[in-house]
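Right, one structure below, let's go through it.
No lab work stands behind these numbers, since they all come straight from the coordinates. Because the structure is a prediction, the values reported are computed rather than measured. No Cβ is skipped: glycine too gets one built from the backbone with ideal geometry, and neighbour counts run over all protein chains shown.
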Amino acid sequence: MNHRFEIHSGGQRVSYSSRKSCEDYEKQASEEEKLPRITFGQQPDICQSIF
């Protein structure tokens, strides 16, 4: 998700917008019913690397 805040001149008005940036990734995860790789902020499953 990308978030954007815009402060307009005079400081009396702020605009906000957002959009998804990973639609292809979500589609792949939905089709395969799993996350295909580690994404930002995720830790790998330590059990998979040990065993």
Residues CYS47, CYS22 in order from fewest to most other beta-carbon atoms within 10 Å are CYS47, CYS22
Applied in sequence order to region 11-20, the curve 6.51 cos²θ - 1.76 cosθ + 1.60 (Karplus, θ = phi - 60°) yields integer Hz couplings, x standing for Gly and Pro, of x, 8, 9, 10, 10, 10, 9, 8, 7, 7
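For ARG4 and ASP24 in the same chain, what is the full-extension length gain: residue separation times 0.36 nm, less their Cα-Cα distance, in nm? Spell out each step's value before the answer.
Working: separation 20, 0.36 × 20 = 7.20 nm, distance 2.12 nm.
5.1 nm is the gain from fully extending ARG4 to ASP24.
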